[in-house]
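> One structure is given below, represented as structure tokens, and several questions about it will come after.
The values are calculated or read from the model by the stated rules, or taken from the named source; none is laboratory data. These numbers come from a predicted model, not from an experiment. Note: ideal-geometry Cβ built from the backbone for every residue, glycine included; neighbour counts use all protein chains shown.
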Number of protein chains: 2
Amino acid sequence: MPQTTAPSPRTRLRRHPERGHYDADTLAAIIDDAWVCHVSFTLDGTVHAMPTAHWRVGEYLYIHGARASRMLKALTDSDACITLAQVDGLVLARSAFHHSMNFRSVVAYGRFELVDDDAHKLATMQAFIDKVAPGRWDSLRPVTDKELNATTVLRLKLTEASAKIRTGGVKDDDADLSWPVWAGVLPLTLIAGTPITEPDSQVADYPQPA
Amino acid sequence: MPQTTAPSPRTRLRRHPERGHYDADTLAAIIDDAWVCHVSFTLDGTVHAMPTAHWRVGEYLYIHGARASRMLKALTDSDACITLAQVDGLVLARSAFHHSMNFRSVVAYGRFELVDDDAHKLATMQAFIDKVAPGRWDSLRPVTDKELNATTVLRLKLTEASAKIRTGGVKDDDADLSWPVWAGVLPLTLIAGTPITEPDSQVADYPQPA
């Protein structure tokens, strides 16, 4: 079970502190539910950020990329800030000012470390596939040494991280409650559509994840 | 119509350059389709990032927040990097190595500027509401001076930005095409669900956006 520290000066929520969460389970659930995180770092005095797929094993957030990546190289040399956010709904109030969004977001700080042990790399690639399509790993053409060598895997320990969550309905001023406009929440959900099978797929039907 | 410059050393895609786009229309479409961007910047020597709602008017990306926000204040003092990404599908290949995601992402660099003219602020708040719920603005309780003063609006000109797009099917090694596993794409789409009307809403039915 991942553990996190208490809020740090960087992660403690100052605005809407009631929306802040620092426990490992809440962080893990939001991280696991997102396909992409945004990794910010500085390189040659400039701030950069890149959207990248991620996965989590225990208290570590993993990312990967091509070995030649200039940005991945830079990440082990300086601290990073990782963010991700899921929008769960549009909150439509009676006033523009009180419009809002329901969301779940995470901000984490730390230094990525290189995962250079081949067995570790292979195990964590399986964890990534397990996130994308549970149970699929054993049916895949096995990873080759060349592929393993071409891939850089980095991980960051989730020791300084916060989650921010807004849920629920509209929070309007009392004086506006009788304003003649629809007020409520339009939920938004990321939905999987009909699988598109490759023309030359040897198996015709998408296997529902285990 | 927003215009962007040619690829800069910071925005030119080095990996998968065929996925790179730098034209204003492509950038605008991806930015408009996302609810949240991630704003990275440095403050006191540390890299920070925050997920925040955004909208676009012409060649400017707008964000807003509480006037008291420490982070918004910092943004006009240093360059920022803005990222956003939409995941459109999971690409399930025959090998772990060729698994991928279909996505549309944007990376932009620049300096935010304060929007401090009240008429401009008000007009751009309307643009934000128009993004969230087209046609809704005129039915809302009007913005007060106090609300206008409590809100900080910043904008960034999209002059140094790139988009990255992956679409289509699986790209496996030829030797793997006969591997006996399902191969294809699982599309992912952010879908609006059934509107949840506030108990005290004066209008019973969610008005379909104009």
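> When the range A:61-72 is examined, which residues are found to be surrounded by 15 or more Cβ atoms within 10 Å (Cβ to Cβ) and over 20 Å from B:His99 (Cβ atoms)?
Correct list: A:Met71 only.
> Does the range B:120-132 contain at least one residue that is surrounded by 17 or more Cβ atoms within 10 Å (Cβ to Cβ) and in contact with a Pro (Cβ under 7 Å, 6 or more places away or on another chain)?
no
> List pairs: first in the range B:51-65 and closer than 15 Å to B:Asp130 by Cα and modelled with pLDDT of 95 or more, second surrounded by fewer than 22 Cβ atoms within 10 Å (Cβ to Cβ) and of a type in the set (Gly, Ala, Ser), Cβ under 6 Å, 6+ apart or cross-chain?
Hits for this filter: B:Trp55/B:Ala127; B:Val57/B:Ala127.
> Check A:Thr194, A:Thr159, A:Thr189 and return the single one that is assigned to a loop (DSSP other than H, G, I, E, B) and closer than 25 Å to A:Arg56 by Cα. Lay out the reasoning, then the answer.
Values: A:Thr194 fails: closer than 25 Å to A:Arg56 by Cα; A:Thr189 fails: assigned to a loop (DSSP other than H, G, I, E, B).
Among A:Thr194, A:Thr159, A:Thr189, only A:Thr159 is assigned to a loop (DSSP other than H, G, I, E, B) and closer than 25 Å to A:Arg56 by Cα.
> Can you pull out every residue in the range A:94-119 that is among the polar types (S, T, N, Q) and either surrounded by fewer than 16 Cβ atoms within 10 Å (Cβ to Cβ) or free of Cβ contacts under 8 Å to residues at least 60 places away in the same chain (or both)? Can you show your working first?
Let us first name the residues in the range A:94-119 that are among the polar types (S, T, N, Q), namely A:95, A:100, A:102, A:105.
Listed by number, the list is empty, since nothing qualifies.
> Of the residues B:Asp176, B:Asp172, only one is at the interface with chain A (Cβ under 7 Å from one of its Cβ atoms), more than 30 Å from A:Ala96 (Cα to Cα) and not β-branched (Val, Ile, Thr); which?
Details: B:Asp172 fails: at the interface with chain A (Cβ under 7 Å from one of its Cβ atoms).
Going through B:Asp176, B:Asp172 in turn, just one is at the interface with chain A (Cβ under 7 Å from one of its Cβ atoms), more than 30 Å from A:Ala96 (Cα to Cα) and not β-branched (Val, Ile, Thr): B:Asp176.
> Is it the case that some residue within the range B:120-132 is touching a strand residue (DSSP E or B) at 6+ places or on another chain (Cβ under 6 Å), facing chain A (nearest Cβ under 7 Å) and of a type in the set (A, V, I, L, M)? Walk me through it before giving the result.
Step one: of the range B:120-132, the residues touching a strand residue (DSSP E or B) at 6+ places or on another chain (Cβ under 6 Å) are B:121, B:124, B:127-128, B:131-132.
From the residues that got through so far, the ones that are facing chain A (nearest Cβ under 7 Å) too are B:132.
Still in the running and of a type in the set (A, V, I, L, M): B:132.
Yes.
> Turning to a different aspect of this structure: Among the candidates B:Leu84, B:Leu90, single out the residue that is modelled with pLDDT of 90 or more, touching a His at 6+ places or on another chain (Cβ under 7 Å) and within 13 Å of chain A (Cβ to nearest Cβ). Talk me through it step by step, then tell me what you get.
Numbers: B:Leu90 fails: touching a His at 6+ places or on another chain (Cβ under 7 Å).
Exactly one of B:Leu84, B:Leu90 is modelled with pLDDT of 90 or more, touching a His at 6+ places or on another chain (Cβ under 7 Å) and within 13 Å of chain A (Cβ to nearest Cβ), namely B:Leu84.
> Among the residues of the range B:157-165, are any modelled with pLDDT of 95 or more and under 30 Å from A:Asp200 (Cα atoms)?
yes
> Which ones in the range A:1-23 are buried (at least 17 other Cβ atoms within 10 Å of the Cβ) and at pLDDT 90 or above? Outline the logic, then answer.
Going through the range A:1-23, the residues buried (at least 17 other Cβ atoms within 10 Å of the Cβ) turn out to be A:2, A:4, A:11, A:20-22.
Listed by number, the residues that qualify are A:Gly20, A:His21, A:Tyr22.
> Right, another one. Report yes if some residue within the range B:175-182 is among the aromatic types (Phe, Trp, Tyr) and without any contact (Cβ under 8 Å) to a residue 24 or more places away in the chain; otherwise report no. Walk me through how you get there before you give the answer.
First, the residues of the range B:175-182 that are among the aromatic types (Phe, Trp, Tyr): B:179, B:182.
Keeping just the survivors that are without any contact (Cβ under 8 Å) to a residue 24 or more places away in the chain gives none.
The answer is no; no qualifying residue exists.
> Give B:Lys146, B:Lys164 a once-over and let me know the one that is assigned to a helix (DSSP H, G or I) and basic (Lys, Arg). I'd like the intermediate steps shown before the answer.
Details: B:Lys164 fails: assigned to a helix (DSSP H, G or I).
On inspection, the qualifying residue turns out to be B:Lys146.
> Moving on to the next point. Only one of (1) under 19 Å from A:Val87 (Cβ atoms); (2) surrounded by fewer than 19 Cβ atoms within 10 Å (Cβ to Cβ); (3) within 12 Å of chain A (Cβ to nearest Cβ); (4) not aliphatic (A, V, I, L, M) fails for B:Trp55. Which number is that?
(2)
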